[in-house]
2 protein chains.
Amino acid sequence: MTMSNRASSSSARANALPRYREIYASLREKIVSGEWPAGHRLPSEHELARTFGCARMTISKALGTLADQRLVTRRRRAGTTVNMPRPQESVLEIHDIEAEIVAAGVSYAYESLARQIRRANGSDANTLGVASATPVLALTGLHLAGGRPHALEERLINLQAVPEARSERFHGISPGRWLLQRIPWTEAEHQIGALNADAAVARWLAIRPHTACLTIERNTWRDAQRITHVRLIYPCDQHRLVARFRYRPL
Amino acid sequence: MTMSNRASSSSARANALPRYREIYASLREKIVSGEWPAGHRLPSEHELARTFGCARMTISKALGTLADQRLVTRRRRAGTTVNMPRPQESVLEIHDIEAEIVAAGVSYAYESLARQIRRANGSDANTLGVASATPVLALTGLHLAGGRPHALEERLINLQAVPEARSERFHGISPGRWLLQRIPWTEAEHQIGALNADAAVARWLAIRPHTACLTIERNTWRDAQRITHVRLIYPCDQHRLVARFRYRPL
DNA sequence: ATTACAATTTTGCCTAGTCAAAAAAGAAGG
DNA sequence: CCTTCTTTTTTGACTAGGCAAAATTGTAAT
């Protein structure tokens, strides 16, 4: 099956875009411009292959990309239909605090405030999602940016999943970074909320009591096993989260 | 080029997984288990095709999926290498408030508090990202869940992008939903923060002044054009955001 | 030793087909 | 009219190749 390859590789050398991307862009344009409104059924792969002058698989790849991005839905025999009122989902990047502070050009430090190994009590078992009496490591610490309090961290680590943590003292290195470097995780869940700082929190963070704070709770798993639970408390004027909707990397 | 199709379609009819997904799962397992640590180079496509007994393109699709999920990086000649310390990015679904409230089994209403058409002043131009004196629609309103205040909304709409909004009164329907149904957007950015309710906010939301609130600011674009900016203020005890790390839909 | 060039490997993208499964549309029967 | 069976369209998954581009590796010349 010898074949002269696609025209673009020899003739139109200027545009570096692969053919399926061109086709993708062309179809996407019709959708976002509103020319093909929600519910519209696009031509079949065969038909598109004829009009674009390429193999069906190339069309399939372009349509597949649109489907990955939730711009269209594809069903056998039913065809490909436009999917307009897009679900509002954004990609929220939750950075390592140290990296974030250093990136801002400020010195970073982690100060350990409390450390205890215990068998999980009811509350621990609940927040960490492990059986009661499972050995856990409970940590409280402060993230400092430029020597000033930046965030308060309350963490539980499942020692069954991370036995190496038992002997670690977390001097200098934050538990988050320590864990990240050691154990790969497969799932994570974040909950973001707000709270009024109570007296203890306000003291550690050097803010006035009752100041609004942003809280981020994170649970991480490796496949089915819970690894750690952490709650971070940021004074409202020191932190914002940015989430950006992003097409999946084309 | 006549060929008996893959074995799984005739012999192993039990497992519904396509071949490339099986291969994907098998490779992913090696990575998340740590057998192939970060930096490890996996076998070439040709080699994998031989070991798995399939065409190179099937392997390519499996590896492509891994690459889409950022588990590996692929470069010509350099091969495919494991990409372990995964960037912490989560998918945050920011729902339409109405849908969210109705889903919780509570009645929903939107109450308009203020509405003004004006030429963008300095502050408007800044938050909406348009030129000064561009016509904008400024709205303030309250989202009610079960008759009680749920969230306060402050919105600016670029009338150049959405001229139909000029004559809309937003009775019953919330501006967010109205916009979502009408104009497709291509980019969105969210900023999440916390604040202490001031007197006015506290009154509208029927909470005590100084209560911590979660704020979500959203900017939406259609390609390069700004469509709207909105700030939603939720009392801290009434709302949490949940972001889940998710592999991109396989 | 360093630089420049050539060879080789590996992925990226493509073609032109096949077989299979899903679902819609049409036909037939009650 | 409604149900059931059959046909047909359309996507899903795959094969077995091919050429091109990128990056590494090896080689030769300065």
Picked from segment B:226-250 (must be closer than 27 Å to B:ALA200 by Cα, more than 8 Å from chain A (Cβ to nearest Cβ) and not in a strand (DSSP E or B)), the residue modelled with the lowest pLDDT is B:GLN238
Which of the strands (runs of 3 or more DSSP E) found entirely inside segment B:31-147 contain at least 2 residues meeting this: within 13 Å of DNA strand C (Cβ to nearest atom), of a type in the set (S, T, N, Q) and more than 13 Å from chain A (Cβ to nearest Cβ)? B:79-82
Scan of segment B:47-86 for residues that are hydroxyl-bearing (Ser, Thr, Tyr) and under 10 Å from B:TYR20 (Cβ atoms), ordered by number: B:THR58, B:SER60, B:THR65
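Out of the residues in segment A:204-225 that are open to solvent by 40 Å² or more (accessible area, probe 1.4 Å) and closer than 14 Å to A:THR186 by Cα, state the one that is modelled with the lowest pLDDT.
Of all residues in segment A:204-225, those open to solvent by 40 Å² or more (accessible area, probe 1.4 Å) come to A:204, A:206, A:208-210, A:217, A:221-225.
Subsequent filtering for residues that are closer than 14 Å to A:THR186 by Cα retains A:221-225.
Values: A:TRP221: 89, A:ARG222: 84, A:ASP223: 78, A:ALA224: 84, A:GLN225: 90.
Residue satisfying both the conditions and the ranking: A:ASP223.
Taking the conditions exactly as written (more than 28 Å from A:SER90 (Cα to Cα) and not in a strand (DSSP E or B)), does A:ILE173 satisfy them or not?
Numbers: more than 28 Å from A:SER90 (Cα to Cα): yes; not in a strand (DSSP E or B): yes.
Considered against the rule, which asks whether it is more than 28 Å from A:SER90 (Cα to Cα) and not in a strand (DSSP E or B), A:ILE173 comes out as yes.
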Mind checking which pairs have a first residue in segment B:134-156 that is free of Cβ contacts under 8 Å to residues at least 24 places away in the same chain and a second that is open to solvent by less than 20 Å² (accessible area, probe 1.4 Å), Cβ under 7 Å, 6 or more apart or different chains? B:VAL136/B:ALA120; B:VAL136/B:ASP124; B:VAL136/B:LEU128; B:VAL136/B:LEU156; B:VAL136/B:ILE157; B:VAL136/B:ASN158; B:VAL136/B:LEU159
Condition first: open to solvent by 60 Å² or more (accessible area, probe 1.4 Å), within 13 Å of DNA strand D (Cβ to nearest atom) and at pLDDT below 95. Now tell me which residues in segment A:28-69 satisfy that. A:ASP68
In segment B:176-204, anything more than 8 Å from chain A (Cβ to nearest Cβ), in a helix (DSSP H, G or I) and without any contact (Cβ under 8 Å) to a residue 60 or more places away in the chain is listed as B:TRP178, B:LEU179, B:ARG182, B:ALA199, B:ALA200, B:VAL201, B:ALA202, B:ARG203
Those residues of segment B:151-174 which are modelled with pLDDT of 95 or more and closer than 22 Å to B:VAL201 by Cβ, in sequence order: B:ALA151, B:LEU152, B:GLU153, B:GLU154, B:ARG155, B:LEU156, B:ILE157
Filtered residue count, segment A:123-168, keeping only those that are open to solvent by 20 Å² or more (accessible area, probe 1.4 Å), over 25 Å from the mean Cα position of the chain (by Cα) and farther than 21 Å from A:GLN191 by Cα: 14
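The values are calculated or read from the model by the stated rules, or taken from the named source; none is laboratory data. Owing to the predicted nature of the structure, the values given are computational and were not obtained by experimental measurement. Don't worry about glycine lacking a Cβ; one is built from the backbone with ideal geometry, like all the others, and counts go over all protein chains shown. For the accessible areas, the whole protein counts, side chains as well, though only heavy atoms, and no ligand, DNA or RNA atoms are used. Shrake-Rupley method; radii C 1.70, N 1.55, O 1.52, S 1.80 Å.
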